[in-house]
Structures are given as structure tokens and as C-alpha cells.
1. Would you mind telling me the share, in percent, of accessible area of the chain contributed by carbon and sulfur at probe 1.4 angstrom?
2. Per-residue ellipticity at 222 nm for the chain, helices alone: DSSP H runs ≥ 4 residues times -39500 (n - 2.57), over residue total, nearest 500 deg cm²/dmol?
3. Relative contact order, percent, of the chain when contacts are C-alpha pairs under 8 Å separated by at least 6 residues?
4. PRE reach from residue 52 (point 7 Å along Cα→Cβ): which of segment 4-34 fall under 11 Å by backbone N?
5. Based on the mean of other beta carbon atoms within 10 Å per residue, what is the order of 73-79, 61-67, most packed first?
6. Only Lys, Arg, Asp and Glu count, each charged at its Cβ (+1, +1, -1, -1), so figure out the dipole size of segment 29-90 about its Cα centre, rounded to 20 debye.
7. Arrange the peptides 14-23, 33-42, 82-91 so that the one whose residues have, on average, the most other Cβ atoms within 10 Å appears first.
8. With viscosity set to 1.567 mPa s and temperature to 4 °C, compute the Stokes-Einstein D of segment 25-70, Rh being the Kirkwood radius across alpha carbon pairs; µm²/s, no decimals.
Amino acid sequence: MYEELKTVREKCLSCKRCSLAESRHNIVFDDGIPNPKLMLIGEAPGFYEDKEGKPFVGKAGQLLDKIFASVGLSRDKDVYICNTIKCRPPH
Ligand code: SF4
């Protein structure tokens, strides 16, 4: 699975198939580990995600991390997070 994700990520890094490529600062591909206990799929990156290139890093992401911690999970060990859309829709 890791190699497949790496291949798709590399394709996304240079992708210009839609107009979102014109306004993005970063591709927001994923965070966490492949083969996780839990996989979350968000809809699209927001301002902070676009800025940092990671999903769920704004206030919602901080809350999500607290929720993970409350049930003994962490992004580093147990969770895989990605978005359906890899580039931030402006506005
Ligand atoms: S949103 Fe998806 S299709 Fe559009 S440029 Fe980004 S990676 Fe490519």
C-alpha cells in the first residue's frame, strides 16, 4: 500500500488537471500511516491545510487530535487521513 500511495502522491504533486492547481500553494495529500486502525477522508483542504500541505491542521484538526488522544489514538501510530480533493478550493 505504501508504494501505491507514493505513486499517487507523486502524480498529484504535478497535477494540473483542474483549475484548483492555479491557486493552490501545496498539494494536501495525506497524513498518518498507511494500513491504519482508522481512516478519515475529508472533503477538501482549507486555508491552513493549503499553507502547510497537511490535512486537518487548523482548529478542526487540533480538535480532531484531541479526540484521537481521548480514545488512545494518534496520527503517528493509528490513523490515516486524506482528502477527496487534493487542492484547496479558493474562497
Ligand atoms: S484538485 Fe486534484 S485534479 Fe485538481 S489539480 Fe489538484 S490534484 Fe489535480
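1. Working: 3480 of 6350 Å².
Carbon and sulfur: 55 percent of the exposed surface of the chain.
2. Working: 4 runs with 34 residues, N = 91.
Rounded to the nearest 500, it is -10500 deg cm²/dmol.
3. Values: 143 pairs, mean separation 37.2, N = 91.
RCO, the chain: 41 percent.
4. none
5. On the way: 73-79: 15.4, 61-67: 13.9.
The packing order, highest mean first, is 73-79, 61-67.
6. On the way: 9 positive and 9 negative charges, 16 e Å.
In total the dipole reaches around 80 debye.
7. Details: 14-23: 11.7, 33-42: 13.5, 82-91: 16.1.
The packing order, highest mean first, is 82-91, 33-42, 14-23.
8. Working: Rh = 11.2 Å.
The Stokes-Einstein estimate is 116 µm²/s.
The values are calculated or read from the model by the stated rules, or taken from the named source; none is laboratory data. All of these numbers come straight from a predicted model, not from anything done at the bench. Backbone-built Cβ (ideal geometry, glycine too); neighbour counts: all protein chains shown. Side chains are part of the model used for accessible areas, which takes the heavy atoms of the whole protein and leaves out ligands, DNA and RNA. Shrake-Rupley method; radii C 1.70, N 1.55, O 1.52, S 1.80 Å.
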